[in-house]
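Values in this text are rule-based calculations from the coordinates and carry no lab data. Every value quoted in this text rests on a predicted model; they were computed, and no experiment measured them. Cβ placement follows ideal geometry from the backbone for every residue including glycine, while neighbour counts extend to all protein chains displayed.
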Amino acid sequence: MDELHRKGLSKMNEVYGWEMPDLPGDYFAMTVEHLFGTVWTRPELSMRDRRLLLLAVLTALGQEDLLEIQVNAALHNDELTKDELREAALFVTHYVGWPLGSKLNNAVERVLHKRKKAAESGTGGDKKATAGEVIAKAVGKQD
């Protein structure tokens, strides 16, 4: 594994808040090396700044499943608080409109509910739980 690939995989793990396996194929390699090894590691923006931008873009695109992954990662990495996430949803809604903005708000509230429930049960929650739900949904194995 070359240095750029290693750097990208490390950043990808940091971004998502859990260990991403090194998958085969050019598509994954390009994602790891370019997006995470080059773009996410540029020094001009902090991880928090990038996360806020990503949340806004995903909201504008209506990507509710990916919003849950990113909200969970932002909380896991202590980049944003629950109040900051709620404020971001309120702010973004005024630019993308209520139907799309509500997707971010709903994602924030679902993630907060899941995290609270996990904390109350003493399980601490699975860092990959939200991602697992998204993947299952994508392949048609939704509960």
Quiz item: On a 0 to 90 degree scale, rounded to 10, what angle separates helix 82-96 from the longest Cα axis of the chain?
Solution: 90 degrees
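What ranking do Glu87, Glu68 get, fewest neighbouring Cβ atoms within 10 angstrom at the top? List each step's numbers first, then the result.
Details: Glu87 13, Glu68 24.
Taking fewest neighbouring Cβ atoms as first place, the list is Glu87, Glu68.
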Quiz item: Number of Lys-Lys pairs in the chain under 13 Å by Cα, sequence gap 8 or more or different chains?
Solution: 4
Quiz item: To the nearest 0.05, how large is the calculated FRET efficiency for Asn77 and Asp2 if R₀ is 30 Å and r is the Cβ-Cβ distance?
Solution: 0.70
Quiz prompt | Inter-probe distance in nm under a simple model that places probes 7 Å from Cα toward Cβ, at Ala56 and Asn106 | solution = 2.3 nm
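Give me the extension gain from Asp26 to Arg42: residue separation times 0.36 nm, minus the current Cα-Cα distance, reported in nm with one decimal. The partial results should precede the final answer.
Working: separation 16, 0.36 × 16 = 5.76 nm, distance 2.24 nm.
Contour length minus Cα-Cα distance gives 3.5 nm.
Counting pairs of alpha carbon atoms under 8 Å apart in space and at least six apart in sequence, what relative contact order in percent does the range 1-133 give? Before the final figure, lay out the partial values.
Numbers: 123 pairs, mean separation 30.6, N = 133.
Value for the range 1-133: 23 percent.
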Quiz item: In deg cm²/dmol and to the nearest 500, what is the mean residue ellipticity at 222 nm of the chain if only DSSP H runs of at least 4 residues count, each as -39500 (n - 2.57), divided by the residue total?
Solution: -21500 deg cm²/dmol
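Could you give the length gained on full extension between Ser121 and Asp49, defined as 0.36 nm per residue of separation minus the Cα-Cα distance, in nm?
Full-extension gain reported as 22.7 nm.
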